[in-house]
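One structure is given here, and the rest of the page talks about it.
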Amino acid sequence: MSDAKKSSLLVVDDTPDNISVLRGILGADYAIKIANCGELALEIVAEQPPDLILLDVMMPGMSGHEVCRQLKENAATRHIPIIFVTALGDAEDETLGFELGAADYITKPIKASIVRARVQAHLALTDQRRYLEQLVAERTSELERSNQQLENSNRQLEQTHIVMLQQLGRAADYRDNDTGKHVVRVGNFSKLLGLASGLPEPQAELLMYASMMHDIGKIGVPDHILLKPGKLTEEEFEVMKRHPIIGAEIIGEHDAEVMQMAKQIALGHHEKWNGKGYPRGLSGESIPLVGRIVAIADVFDALTCIRPYKRAWSIESALELIEKEAGQHFDPELSKLFLGMETEVRRIATKYSDAANTANENNVKPS
């Protein structure tokens, strides 16, 4: 493939050896541009914006953080995904990078497989966003010509939002789940419980798709915390507790009902009925219904699946936990409804199981 047809990457690093390593990993698949300082990087981006930037943090003169800040403040360049590639690996540095608008954070020494996967994933997300923007522009033009077209286009735009929710939700889930099926199961559990709670079919359908974005904010959680096999420290847990807020910021403000619901869920699915959850410490019915529904679906599925920090629980043990925490962690009425649908819950768990990771529910007990 000629360079003209390849996605373009800008590698910014003041160390020639680091540039050579990244060129060796990515040069066969992408058109590589090089900058050895922040000032030159800004000039290159202004002249011909790349599709993605791999940016060192510690450089003489202008730091990578300052380069990122300037690019994100410029409407012409804020859409370019930036991946920090740096030896700085503590939580504060990574959190600062994400707050400045970085899409991802890779620590040195780098692994070729991780670099390729992260670059490919963020370029794919950029393509999806570009497609959505193009589709919205086309639909807007059509809306001006006909009221009927307005109604039809709104439906198509809603469907596009749904597709975006599915894809972005699964992209986030891949960071700590090998298959990405967690969001699919949570969506189906949520729809099931939503119908049982009295939601009309269309609302329950929207809930299924909106719930798939519940953990999109985990994109902003550093890998060494998200994938830690042991218990998090207090400091690490404070970083983890920011992911609902990060998720709400990623989803943003939209007129589309499914997007509004997704934001409610992102903010509400870690709140607890007794007020001891996060990020806002809401309690009881002050927690939006959709947040209370997804809280049950999310915890149940997380318990019954293998994660880096735990074995899988059996379905029976997970249901016992839901019953025990009714009125404490979970809405007691919704908990009762969920426990009464064990057959349907098992059907969903089996239909969308992670084939390689599913535990034998008759033999595996909570660890």
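For the reader, a short list of remarks on this structure follows.
- Label point 7 Å beyond Cα of Tyr131 along Cβ direction - residues of segment 43-60 with amide nitrogen under 19 Å: 51-52
- Taking each of Lys33/Lys228; Lys218/Lys351; Lys111/Lys241; Lys72/Lys181; Lys231/Lys276 in turn, the alpha-carbon distance tops 30 angstrom for Lys33/Lys228; Lys72/Lys181.
- Extension gain (nm, one decimal) between Met58 and Glu285, 0.36 nm per residue minus Cα-Cα: 76.9 nm
- Packing here is the average count of other Cβ atoms within 10 Å per residue, and on that basis the peptides 230-238, 6-14, highest first, run 6-14, 230-238.
- Mean Cβ count within 10 Å, highest first, over the residues of peptides 267-278, 208-219, 61-72: 208-219, 267-278, 61-72
- Space enclosed by the convex hull of the alpha-carbon atoms of segment 3-110, per residue, Å³: 90 Å³
- Extension gain (nm, one decimal) between Lys33 and Phe237, 0.36 nm per residue minus Cα-Cα: 69.6 nm
- Computed from the C-beta positions of Lys336 and Arg69 and an R0 of 30 Å, the FRET efficiency is 0.05 to the nearest 0.05.
- Calculated FRET value between Thr343 and Glu253, using beta carbons and R₀ = 41 Å, to 0.05: 0.55
- For peptides 241-250, 188-197, sequence by mean Cβ density within 10 Å, most packed first: 188-197, 241-250
Where a number appears in this text, it was derived from the coordinates with a stated rule and is not lab data. This structure is a prediction, so every number in the text was calculated from the model and none was measured. Note: ideal-geometry Cβ built from the backbone for every residue, glycine included; neighbour counts use all protein chains shown.
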